[in-house]
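First comes the structure, then the notes that go with it.
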Amino acid sequence: MDNSTTTRLDEIIFTLSAFSKGNFSVRNIVTEDDEPLNTVISGLNMLGEELESYKLEIDNQRVLLENILSSIDEVIYVREVNSENINKSPYTFISERSLEIIGLRKEELHQEPDKWVKIVHPDDQLMIADMYKTFASGQEIVVTYRIYHSIKKQYRWIEDRISPKLNSAGTVLNTYGSARD
């Protein structure tokens with residue numbers, strides 16, 4: 001293998017590595033010679049342009065969706081279900097209204113997923129435990145309970161609608177929810 005072939009292969013490997021990390025802006029120079037690796041590099045350049053375009057479109061759609069969700073007067077959330085400890089199930093999305101509606105910033109819930117349960121009124125804790133059993137069986141539920149809103153310094157009634165999403169084996173993988181005051 002000559003030095004130019006090794007260099008071209010290194011460029012291809014670098015490009016594929018960059019693509020695997022979500023960096024689709026990497027381009028390589030296509031030379032004039034008939035080297036077969038030029039075809040591969042040319043194809044990677046075109047693929048990078050397409051992937052970069054798709055990524056931009058997805059980013060724009062994400063921003064639009066976040067703007068729409070932040071205009072809704074509810075906390076919209078998605079959680080991955082941790083079957084070992086349901087209270088610790090991580091949030092993969094929380095709308096901006098969390099601070100206003102439940103008194104917790106979305107960053108707090110990302111760091112400590114069980115923080116929401118910790119602010120539930122003690123008299124409603126058993127109902128929350130039953131709620132987890134119900135959606136773990138795959139049923140959609142609507143439950144009303146009290147939370148302590150730390151900003152308003154009082155208990156507030158919350159209506160929480162939870163919709164579990166199951167895999168093909170019937171196991172709950174995610175929950176989609178909306179909570180309103």
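Okay, here's what the table says:
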item	result
Of all residues in region 129-141 being small (Gly, Ala, Ser) and open to solvent by less than 70 Å² (accessible area, probe 1.4 Å), the one that is farthest from the chain's Cα centre (by Cα)	129
Residue within region 67-87 that is touching a Lys or Arg at 6+ places or on another chain (Cβ under 6 Å) and either surrounded by 16 or more Cβ atoms within 10 Å (Cβ to Cβ) or over 18 Å from residue 176 (Cα atoms) (or both) present	yes
Close pairs (7 angstrom Cβ cut-off, 6 or more residues apart or separate chains): in contact (Cβ under 8 Å) with a residue 24 or more places away in the chain in region 46-62, surrounded by 14 or more Cβ atoms within 10 Å (Cβ to Cβ) and among the hydrophobic types (A, V, I, L, M, F, W, C) anywhere	48/19; 48/24; 48/26; 51/19; 51/24; 52/24; 55/24
Matching residues, region 63-115, being without any contact (Cβ under 8 Å) to a residue 40 or more places away in the chain, part of a loop (DSSP other than H, G, I, E, B) and touching a helix residue (DSSP H, G or I) at 6+ places or on another chain (Cβ under 7 Å)	82, 95, 96, 97, 105, 113, 114
Candidate set: region 11-39, residues that are more than 34 Å from the chain's Cα centre (by Cα) and not in a loop (DSSP other than H, G, I, E, B); chosen: the one farthest from residue 53 (Cα to Cα)	36
Unmet requirement for residue 44, which otherwise passes all of (1) open to solvent by 30 Å² or more (accessible area, probe 1.4 Å); (2) within 19 Å of residue 56 (Cβ to Cβ)	(1)
Residue, modelled with the lowest pLDDT, within region 116-145, restricted to residues that are of a type outside the set (S, T, N, Q) and in a loop (DSSP other than H, G, I, E, B)	138
Residue among 119, 141, 162, 158 that is in contact (Cβ under 8 Å) with a residue 40 or more places away in the chain, within 21 Å of residue 93 (Cβ to Cβ) and of a type in the set (Val, Ile, Thr)	158
Conditions (1) within 19 Å of the chain's Cα centre (by Cα); (2) over 19 Å from residue 95 (Cβ atoms); (3) in a helix (DSSP H, G or I): number failed by residue 53	(1)
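Residues checked against (1) open to solvent by 90 Å² or more (accessible area, probe 1.4 Å); (2) closer than 20 Å to residue 106 by Cβ; (3) in contact with a Phe, Trp or Tyr (Cβ under 8 Å, 6 or more places away or on another chain):
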{"position": "127", "(1), (2), (3)": "no, no, yes"}
{"position": "143", "(1), (2), (3)": "no, no, no"}
{"position": "149", "(1), (2), (3)": "no, yes, yes"}
{"position": "153", "(1), (2), (3)": "yes, no, no"}
{"position": "157", "(1), (2), (3)": "yes, no, yes"}
{"position": "173", "(1), (2), (3)": "no, no, no"}
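The values are calculated or read from the model by the stated rules, or taken from the named source; none is laboratory data. Predicted model, so just to flag it, every value in this text is computed and none were measured. Neighbour counts are summed over all protein chains in view; Cβ atoms, including those assigned to glycine, are modelled from backbone coordinates with ideal geometry. In case anyone asks, the SASA skips ligands and DNA or RNA and just uses the protein heavy atoms, side chains included. Shrake-Rupley method; radii C 1.70, N 1.55, O 1.52, S 1.80 Å.
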